[in-house]
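Input: a single structure, listed below in structure tokens.
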Amino acid sequence: MNPEHYVNPPVYTLIMVTNFFAIAFGFIFKDMLEYQVSQWNTMRQSQSQINYKTPNLIVAYLGLCISLLVFVGASLSVFCSIYWIAYGLSAIVVLPTALLIWVQLGSMLILLVRGGSEAVDIDSYGAGQVLDVQAPKANLSK
């Protein structure tokens, strides 16, 4: 019996550890953001916007992004033996996506402040309305 099959290479350990930290930071970020929104909801008259750019939220989001960056880089390094290429591709994928999500989060929170929860609820948007008014009406009486 060859015991080398049961050895866990460091890259797989790095993948598991960074995956755990990414999930943990994600839950921390979600809970902090929910707390900020509920705090704003209780003080709507005195608070004109949701304060999501607090240091705690920024640190949680950066922890999430860094964990994802290392996770994706380590996962790609399984298939690519050149580490700097794997981590470079990881940076190309994760960093612009993280920036886009942060900017979009700000837009969604502004939309929540202006229009309430109905403004961000996709299911209730245009419920019961025909979206394309110029489309020919279907003849259902056959």
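Give region 37-69 a look and list any residue that's under 16 Å from the mean Cα position of the chain (by Cα) and among the aliphatic types (A, V, I, L, M), or say none.
L57, I58, V59, A60, L62, L64, I66, L68, L69
Which one of these does Y35 not meet: (1) in a helix (DSSP H, G or I); (2) over 30 Å from S107 (Cα atoms)?
(2)
Restricting attention to region 3-30, report how many residues are surrounded by fewer than 11 Cβ atoms within 10 Å (Cβ to Cβ) and of a type outside the set (F, W, Y).
7
Return the residues of region 62-76 that are of a type in the set (A, V, I, L, M, F, W, C), surrounded by fewer than 19 Cβ atoms within 10 Å (Cβ to Cβ) and more than 17 Å from F27 (Cα to Cα); say none if nothing qualifies.
Listed by number, the list holds a single entry, L76.
Which condition breaks for S48 when tested against (1) in contact (Cβ under 8 Å) with a residue 60 or more places away in the chain; (2) part of a helix (DSSP H, G or I)?
The single condition S48 does not satisfy is (2).
Coordinate-derived values only; no laboratory data. Owing to the predicted nature of the structure, the values given are computational and were not obtained by experimental measurement. Cβ atoms come from the backbone with ideal geometry, glycine included; neighbour counts cover every protein chain shown.
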